[in-house]
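Notes to accompany the following structure.
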Amino acid sequence: MPIKKIFNGGVQVMMISCLCLLVLVVDAFAGEEYHRRYAQDLQSIQVARGGMQSTLDFIDAHPEIFTLSQDDGRDQLLDRKQRMVVWQTWQAFLDHILFLDSLGRKYTDIYLHSKDEDTKHAAFIPAFACFLAQYRFALQYIDRMEKNPAMHVVLNDAVPELGVQAGAYALLKFRFLNVIRGAEFARLNVLYVYYKQKAENPHQKAIEEDIKTIWAAGKGKGPVLTAKNAMKIVGDLGLTTWFPVQKGTAELMGNIKVWRPNISLITPVQIQELQSKLRPGDILLQRREWYASNIGIPGFWTHAALYIGSPDERAAFFQDRESANWLIDQGSKDGTLDNLLDARYPQTYPLSIIEQEDNHVPRVLEAIGEGVSFTTLEHSASADSLVALRPILAKTDKAQAILNAFQYSGRPYDFNFDFRTDSELVCSELIFKAYQKTSHSAGLSLPLHDILGRPLISPNEIARLFDREYGTLKQQLTFVTFLDGNEKEKTAVESTVETFRKSWNRPKWHIWLQGTVLGDLPAATQYP
């Protein structure tokens, strides 16, 4: 799908209003589940607002990069490192815009198709909050970028390694510096005043802060409306021109999935086949479409996990004489890795062998929203795309990596993405520190990159490293298998190493370029 169709913010938007999808949405918002997800969604909007504000704060703290002007008497050309900082902030900001778009569209559908006044009121609040947060922070971001003549060129450049498409900034400006946006703001304000009179809402402070900021920016001028007229316009045209792109962020957003809930493209049968191919120490890179946890993580691959296997798998894999002797030297009484794990981590080890859902045993150690956790392969591999990579290392080095990883079990997830601390870990940080080189372990050379002032390596960068090293004497990882998801076909198919090597270069909204979802749904809604 062309990028312009994805970002179209003025005249046309493809509304997802197919009856079968609507029924799923409405059913999902019933009873206790409705209240739980509704509260979580409101919190998620706050997290997204905080993320965009943090991006603006970072920009303000680095005027040497972002606010160069022709009056400075300095070279207007940014060097590669400075441009990367600009692109990183742009990618992080755009992620939040996309998440708010998807969440807002979900509540817009509920609002437009519900006959119950209380349900309409409840749905209007998050939809309006998403609209306002997008509008407010987009205006503030654009205002900062326009102070530097070089920014328009830099931000419209394509950055494949971050999943940023060419021309995206110009399209964002068209979307938010548009008279239609101002008219929408005016009519939704009238509706907000109407609903506010009926009952207050937990998001009121943030909503009114955003309204005030937008008016102060001189935007939002539109015709004077009555609540009745505003409702009629909304009923005819929809709340706003949401542009349908995927969403995502960290803490409160990790389990939010707007479309295709509880369904992954990789099937249980494929996971069972995958298990037979894996060995302890393998690295899994994963992609889950529609998840909010994709925000702020650059590139197509957004999650990494360590395959540790079951006790039986570890016993079989490390049963050779060299491994057994090494394990005995490390303190194992019987030459097995599990005896050593139990001895070193007496509180952690039992968690690694307790059966979980459907009596499956844990085989994966990964940093997820709940923290560094032992999970089953059935749970972890329930993704939309997955690749397994195997370090080209001695078995003793892989045993050391599993030992290293075990020490982090139970530690919180690092929503600041900072590799400099051990108290909290992000998914790829667990891989990095498990395989970190030491005086007694070969490990892997995983180069860190400075992203918004923090050193880290993303899952997508691990895929890129594999591509760069493949077939050379420096190659550190071998290819095991690649299950490549296709949203349009609703399947994941086993693919080749050649296809995987190119995958890191896919845009973050890859599913929309497969010719997907929206093209299969009803025709677009027209806006005047």
Quick one: putting +1 on the C-beta of Lys and Arg, -1 on the C-beta of Asp and Glu, what dipole do you get for the stretch 268-507 around its Cα centre, in Debye to the nearest 20? 700
Work out, step by step, the length gained on full extension between Asp60 and Leu473: first 0.36 nm times the residue separation, then minus their alpha carbon distance; give nm to one decimal. 144.3 nm
Once Arg279 and Arg411 are pulled to full extension, the length gained, defined as 0.36 nm per residue separation minus their Cα-Cα distance, is 45.1 nm
Could you state the number of Å between the C-alpha centres of the stretch 79-96 and the stretch 467-507? 25
Ranked from highest to lowest mean number of other Cβ atoms within 10 Å per residue, what is the order of the peptides 101-112, 143-154? 101-112, 143-154
Using unit Cβ charges (K, R positive; D, E negative) and no other charged atoms, how large, in debye to the nearest 20, is the dipole of the stretch 349-483 about its Cα centre? 680
With 26 Å as the limit, write out which pairs from Lys81/Lys488; Lys395/Lys433; Lys147/Lys173; Lys173/Lys212; Lys277/Lys474 have Cα-Cα distances beyond it, or answer none. Lys81/Lys488
Using 7 Å Cα-to-Cβ label points, what is the Thr496/His152 separation (nm, one decimal)? 4.4
Residues of the stretch 396-413 with the amide nitrogen closer than 13 Å to a label point 7 Å from the Cα of Glu322, along Cα-to-Cβ, please. 396-399
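Every number in this text was worked out from the coordinates using simple rules, so none of it is lab data. Since the model is a prediction, treat every value here as computed from it, not as a measurement. All Cβ positions, even for glycine, are placed from backbone atoms using ideal geometry, and neighbour counts span all protein chains on display.
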